[in-house]
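The values are calculated or read from the model by the stated rules, or taken from the named source; none is laboratory data. These numbers were taken from a predicted model, which means no experiment stands behind them. We place every Cβ from the backbone using ideal geometry, glycine too, and count neighbours over all the protein chains shown. We work out accessible area using only protein heavy atoms, side chains counted, and drop any ligands, DNA or RNA first. Shrake-Rupley method; radii C 1.70, N 1.55, O 1.52, S 1.80 Å.
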Amino acid sequence: MGLDAFSLKGRVAVVTGGSRGIGEEIAVAMAEAGADVAPVARSEDALEATADRIEEAGGTAHPRPLDVTDVAAVEAMFDDVEATLGEVDVLVNNAGVNPYFGNTRNLDVETWNTILNVNVTGAFHCAREFGRRVDERDGTGSIVNVASVGGVVALPYQTPYTASKHAMVGMTKSLAVEWTPQIRVNALAPGYVKTEFTKGVRENEDIRDDILETIPQNRFADPDEIAASAVYLASDAAGYVTGEIHVADGGIAAQ
Ligand SMILES: NC(=O)c1ccc[n+]([C@@H]2O[C@H](COP(=O)([O-])OP(=O)(O)OC[C@H]3O[C@@H](n4cnc5c(N)ncnc54)[C@H](OP(=O)(O)O)[C@@H]3O)[C@@H](O)[C@H]2O)c1
């Protein structure tokens, strides 16, 4: 098998949460690997900026506003992407939120529901729609669910987030077995990555130092280090890989 197996040439990818951070880098990396890419999220201006980078990388971009919690909008997004870029081969479920850091005794139900709704139900909406479409055309495809090291180990004081990412890992395994061999389904579990998402904890010296102590590599990842794994999982190079939880965390989960 040559390096061509890592190519996404001729593929169409939808990347949720493609407006910034890890999703933006995954969208650009997939374009560099040859794919046409639809970055989807709520912030239209930021999506345009991602689209410019996709085009610079040689891909055709179709930025598309989407709230993954809106099931009708998810269906409409797939119609729209299919009409412009063609049938979708790769779905990256990356949209996610983590608005709560604190003792679970003080957590309100609304925040719990918001986190589960975006991180788990939003990913389910997109996976189900993708699964139906691949089945209807009797095709093949690949799903990459961006979970977290918090889907594999405990992240105390981030309980709703940890629960949501463990749910994503469970969904990944179940779908991988249910939809094989047409669709490969894998999860990518990053550790701490330098994005807006972790800005608060990285800028608080005490919390930052505590976190760094838990990371054997003693550093935070750049988003493009996570994007490389997503390209691999989506590509034919990972043809025998399904139901895997691919951890990219500087060694946290290995301890
Ligand atoms: N950064 C880390 O250390 C880290 C570690 C492990 C896992 N992760 C996971 O990686 C993913 C990306 O995180 P990030 O660090 O890149 O965070 P980020 O910079 O905050 O980006 C989050 C992305 O999700 C989108 N999003 C949020 N709610 C959405 C909704 N309802 N519908 C559609 N899009 C929505 C945001 O776009 P809009 O606001 O424009 O909608 C944005 O593009 C998340 O699933 C996160 O849990 C991150």
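General remarks:
- Number of residues in segment 139-174 that are out of contact with any Lys or Arg (no Cβ under 7 Å at 6 or more places or on another chain) and without any contact (Cβ under 8 Å) to a residue 40 or more places away in the chain equals 7.
- Flag for Arg208 being under 14 Å from Gly191 (Cα atoms), within 13 Å of the ligand (Cβ to nearest atom) and surrounded by fewer than 13 Cβ atoms within 10 Å (Cβ to Cβ): no
- Screening Leu155 with (1) outside any loop (DSSP other than H, G, I, E, B); (2) surrounded by 15 or more Cβ atoms within 10 Å (Cβ to Cβ); (3) out of contact with any Asp or Glu (no Cβ under 9 Å at 6 or more places or on another chain) gives one miss only, at (1).
- Segment 158-172, residues that are open to solvent by less than 10 Å² (accessible area, probe 1.4 Å) and either within 11 Å of Gly131 (Cα to Cα) or more than 15 Å from the chain's Cα centre (by Cα) (or both): Pro160
- Of note, Val74 satisfies the criterion of being within 16 Å of the chain's Cα centre (by Cα), in a helix (DSSP H, G or I) and near the ligand (Cβ under 10 Å from one of its atoms).
- When residues in segment 23-71 are screened for being among the basic types (Lys, Arg) and away from the ligand (no atom under 12 Å from the Cβ), 1 of them pass.
- Any hit, segment 99-112, residues being in contact with a Pro (Cβ under 7 Å, 6 or more places away or on another chain), at pLDDT 95 or above and not in a loop (DSSP other than H, G, I, E, B): yes
- Any hit, segment 173-186, residues being part of a strand (DSSP E or B), surrounded by 16 or more Cβ atoms within 10 Å (Cβ to Cβ) and in contact with an Asp or Glu (Cβ under 7 Å, 6 or more places away or on another chain): yes
- Residues that are open to solvent by 60 Å² or more (accessible area, probe 1.4 Å), touching an Asp or Glu at 6+ places or on another chain (Cβ under 9 Å) and more than 17 Å from Gly21 (Cβ to Cβ) within segment 49-79 comprise Gly58, Thr60, Val71, Glu75, listed in sequence order.
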